[in-house]
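Visitor: Please find one structure pasted underneath; my questions will follow.
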Amino acid sequence: MTKIVIIGGGFGGLRAALDLEKQYKNDANTQIFLVDKRDYHLFAPNLFEAATADDELTTIKQIKKSITLPFAEILAGKKIQFVQGECLSIDSAQKKVNLKGRSLVYDFLIFASGSESDYYDIPGAKEFGLPLKTLPDALRIRNKIEFVFQAKALDFTKKNLHFVIAGGGYTGTEVAGELKGFLDFLAWKYQYPRQKVEVAIVEAASKLVEGFDDRLSADSYNSLQELGVHVRVASRISKVDQNFIELMSGEKLAYDALIWTAGVKALTLDCSSHLAKDRKGRIVVNEFLQVRGAENIMAFGDTACVLGKDGNPVFDSAQNALAQGRYVAWAAPYLLQNKKPPLPYKNKPHGFILSLGGKWAILDYNNFYFKGFIAYAVATLAHFRYFASLMGIIKAIKLTW
């Protein structure tokens with residue numbers, strides 16, 4: 001009996017599991033295990049909406065349903081065994097993955113464990129910054145923002161409220177764009193002067209959404225400014241305390257809530273500590289996404305250092321994780337059965353959609369560039385297509401709605 005174990009049920013890990021299942025569906029001698037510490041697949045692109053949705057307009061149950069897809073539903077009828085647990089250690093000699101309370105024997109192991117927030121060793125950042133990587137993170141941010149209004153509502157002086165977003169990448173810009181509607185609602189709800197509610201986004205690079213087309217950066221900058229967001233680029237944070245962030249220039253910015261979206265790093269797992277890592281903690285892989293020194297282990301997505309055509313690590317995104325997951329599912333049988341080596345993995349450019357509040361977005365895909373409702377509609381269609389690939393058309397319609 002051949003056993004394939006996949007660690008991580010994110011975009012890439014789940015895609016690899018589903019595609020492998022199609023290949024081995026009629027093979028009684030192959031078992032596929034999907035391991036994740038949660039019992040649901042997190043649709044991370046909608047996390048920023050969960051962080052800015054008011055519970056008087058939508059319930060916690062509705063919010064959770066829109067971004068958490070139960071593995072039990074996704075894998076129903078599939079030849080995939082889901083195991084809820086966290087990888088504690090790996091016994092390479094015995095080919096065994098040790099979880100809390102049980103262990104799994106493997107013939108082939110796949111790491112797709114994802115990422116966590118990176119605080120870059122900035123003093124106070126982890127202690128006072130609010131990350132946005134999980135559903136509890138999103139709810140914590142939402143509750144914190146509303147608590148600020150509640151605490152200051154009876155203050156007769158009505159001092160300015162400061163909400164700061166650290167990081168002007170993909171997530172940070174989307175949060176900044178979506179915050180306006182939420183703050184408008186809370187200002188009305190608590191009768192707080194809207195002009196005294198300020199939002200600032202602080203980015204260390206010289207532009208927003210660095211690494212993408214200058215036009216997209218400029219348009220996102222202009223859009224956020226139109227929404228009343230104070231955009232500060234080339235402003236690197238050096239220190240964080242309970243009420244202020246300090247920049248490298250020495251300037252201090254006050255905040256009532258600090259949302260930390262400054263970057264991510266490979267998720268730290270004790271069980272992968274013996275594998276070769278780069279300086280950012282990512283597992284080092286070859287052109288076939290095999291882990292260096294371990295031919296029966298593959299790694300990809302945020303947890304691995306996957307190199308592109310230019311020799312630099314590819315951008316961490318859901319699209320790249322999905323593409324790598326498909327490649328792993330195709331290449332693994334070659335490597336598992338010691339057939340001729342598969343073709344090396346080659347990353348391809350993917351479309352990029354940036355949602356910036358309400359039904360307005362920016363779409364950048366090859367030679368197509370749109371702003372406004374059309375881009376938002378394409379994003380909605382992309383979400384629908386993804387939901388349908390996991391749970392069928394009927395459930396996809398409900399989730400998208």
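Visitor: Here are some residues: 340, 348. Which one is open to solvent by 40 Å² or more (accessible area, probe 1.4 Å), closer than 25 Å to residue 265 by Cα and without any contact (Cβ under 8 Å) to a residue 40 or more places away in the chain?
Guide: None of the others qualify; the one that does is 348.
Visitor: Also, quick follow-up: Counting just the residues of segment 178-208 that are in contact with a Leu (Cβ under 7 Å, 6 or more places away or on another chain) and in a helix (DSSP H, G or I), which one comes out modelled with the lowest pLDDT?
Guide: Restricting to residues being in contact with a Leu (Cβ under 7 Å, 6 or more places away or on another chain) and in a helix (DSSP H, G or I), the top hit is 180.
Visitor: While we're looking at this one, here's another question. Which residue out of 19, 36 is farther than 24 Å from residue 393 by Cβ and either touching an Asp or Glu at 6+ places or on another chain (Cβ under 6 Å) or not β-branched (Val, Ile, Thr) (or both)?
Guide: Going through 19, 36 in turn, the sole match is 36.
Visitor: Sort through 397, 353 and tell me the only one that's surrounded by fewer than 17 Cβ atoms within 10 Å (Cβ to Cβ) and either among the β-branched types (Val, Ile, Thr) or within 19 Å of the chain's Cα centre (by Cα) (or both).
Guide: Testing whether each residue is surrounded by fewer than 17 Cβ atoms within 10 Å (Cβ to Cβ) and either among the β-branched types (Val, Ile, Thr) or within 19 Å of the chain's Cα centre (by Cα) (or both) leaves just 397.
Visitor: Filter segment 88-112 for residues that are under 24 Å from residue 41 (Cβ atoms) and at pLDDT below 90; which is most open to solvent (accessible area, probe 1.4 Å)?
Guide: Looking at the filtered set, the residue picked out is 100.
Visitor: Would you tally the residues in segment 364-382 being assigned to a helix (DSSP H, G or I), surrounded by 15 or more Cβ atoms within 10 Å (Cβ to Cβ) and in contact with a Leu (Cβ under 8 Å, 6 or more places away or on another chain)?
Guide: Total satisfying the criteria: 3.
Visitor: Quick check on residue 141: is it crowded, with 21+ Cβ neighbours inside 10 Å and more than 29 Å from residue 9 (Cα to Cα)?
Guide: no
Conditions (1) in contact with a Gly (Cβ under 6 Å, 6 or more places away or on another chain); (2) open to solvent by less than 20 Å² (accessible area, probe 1.4 Å); (3) free of Cβ contacts under 8 Å to residues at least 60 places away in the same chain, marked per residue:
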site: 148; (1), (2), (3): no, yes, no
site: 162; (1), (2), (3): no, no, no
site: 165; (1), (2), (3): yes, yes, no
site: 178; (1), (2), (3): yes, no, no
site: 181; (1), (2), (3): no, no, no
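Visitor: If we keep just the residues of segment 295-310 that are at pLDDT 90 or above, part of a strand (DSSP E or B) and not aliphatic (A, V, I, L, M), which is surrounded by the most Cβ atoms within 10 Å (Cβ to Cβ)?
Guide: Filtering segment 295-310 for residues that are at pLDDT 90 or above, part of a strand (DSSP E or B) and not aliphatic (A, V, I, L, M), the one surrounded by the most Cβ atoms within 10 Å (Cβ to Cβ) comes out as 305.
Visitor: Could you list, in sequence order, all residues of segment 53-92 that are assigned to a loop (DSSP other than H, G, I, E, B), closer than 30 Å to residue 186 by Cβ and not hydroxyl-bearing (Ser, Thr, Tyr)?
Guide: 53, 54, 55, 56, 57
Visitor: Among the numbered criteria (1) assigned to a loop (DSSP other than H, G, I, E, B); (2) under 16 Å from the mean Cα position of the chain (by Cα); (3) of a type in the set (A, V, I, L, M), which single criterion is violated by residue 175?
Guide: Every condition holds for residue 175 apart from (1).
The values are calculated or read from the model by the stated rules, or taken from the named source; none is laboratory data. Only a predicted model underlies this, so the values are computations on that prediction, with no experimental measurement involved. Using ideal geometry, Cβ is built from the backbone for each residue, glycine included, and neighbour counts are taken over all protein chains shown. Just the protein is used for accessible areas: all its heavy atoms, side chains included, with ligands, DNA and RNA removed. Shrake-Rupley method; radii C 1.70, N 1.55, O 1.52, S 1.80 Å.
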